[in-house]
1. Given the chain, report the % of alpha carbon pairs whose separation exceeds 22 Å.
2. Please give every one of the aspartates and glutamates within straight-line cross-link reach of Lys110, meaning a C-alpha to C-alpha distance under 12 Å, and leave out same-chain neighbours fewer than 8 residues apart.
3. When you take every Cα atom in the range 73-163, what is the radius of gyration, and what is Dmax, the widest Cα pair distance, in Å?
4. Looking at the chain, which longest stretch skips every one of the trypsin sites (Lys or Arg not before Pro) that is in a DSSP loop with at most 13 other Cβ atoms within 10 Å, leaving the sites themselves out?
5. Name the most mobile residue of Phe98, Phe86, Phe121, meaning the one with the largest mean-square fluctuation, in a Gaussian network model of the chain with Cα contacts below 10 Å.
6. Can you tell me which of Gly74, Gly119, Gly28 moves the most in a GNM of the chain? Springs connect C-alpha atoms under 10 Å apart.
7. For the chain, give the magnitude of the charge dipole about the Cα centre (Cβ charges: +1 Lys/Arg, -1 Asp/Glu; no others), in debye to the nearest 20.
8. Tell me what the chain gives for mean residue ellipticity at 222 nm when only DSSP H runs of n ≥ 4 count, each as -39,500 (n - 2.57), the sum divided by the residue total, rounded to 500 deg cm²/dmol.
Amino acid sequence: FKVHHPIYYYCAYFSIRAKAFDLATMSGGLNKVKAKMDEIALKKKNNEASNVENDLYTTLEIVNEMLERGFKFGKLDLYKSDAVEFLIENDDTLIPPFVAMDGLGENVAKQLVAAREEGDFLSKTELRKRGGLSSTLVEKMDEMGILGKMPEDNQLSLFDELF
């Protein structure tokens, strides 16, 4: 598969085998991936790398290979991302699952996907309540650009309605 259907190989690898993710680095391009690998390699050389950093280094080696072959990572998508598996988009892009986001566990990811099937989220407050997300995770999603211009609350003020 790695030779004849590489995007499927990478999709399966990241969904099943990879243990650590850094979405900002992975979707930041080849230079960012190599810089992070160099940073971790220096720590490994001095025996200062944590287990998570060692796992991330292994993941980044495959990310580097994938990017060198012309494939790329998309962003987490509130309405496309799966709970636990990477998805293929346009035959050259992998969309990360919610569990790849730091601090978001499998149970919450599955709850978020189930809530999404009930309809669009109208506000961050609704996303927190229906999706079972903490305020911290919603803030992280907002910082990552996943929420677009989603308002904080569903309610319109009287002022907004008058003007």
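The values are calculated or read from the model by the stated rules, or taken from the named source; none is laboratory data. None of the values given here were measured: they were computed from a predicted structure. Here Cβ is always computed from backbone atoms with ideal geometry, including for glycine, and neighbour counts include all displayed protein chains. Side chains included, ligands, DNA and RNA excluded: accessible areas come from the protein's heavy atoms. Shrake-Rupley method; radii C 1.70, N 1.55, O 1.52, S 1.80 Å.
1. On the way: 6419 of 13203 pairs.
Distances greater than 22 Å cover 49 percent of the Cα pairs.
2. Lys110 reaches Asp82, Glu85.
3. Gyration radius and largest Cα-Cα distance of the range 73-163: 14.3, 48 Å.
4. Details: sites that count: Lys2, Lys19, Arg69, Lys80, Lys149.
Longest stretch, sites excluded: 81-148.
5. Phe121
6. Gly119
7. Working: 21 positive and 28 negative charges, 114 e Å.
Using only the charged Cβ atoms, the result is roughly 540 debye.
8. Values: 8 runs with 78 residues, N = 163.
When only DSSP H runs of four or more count, the value is -14000 deg cm²/dmol.
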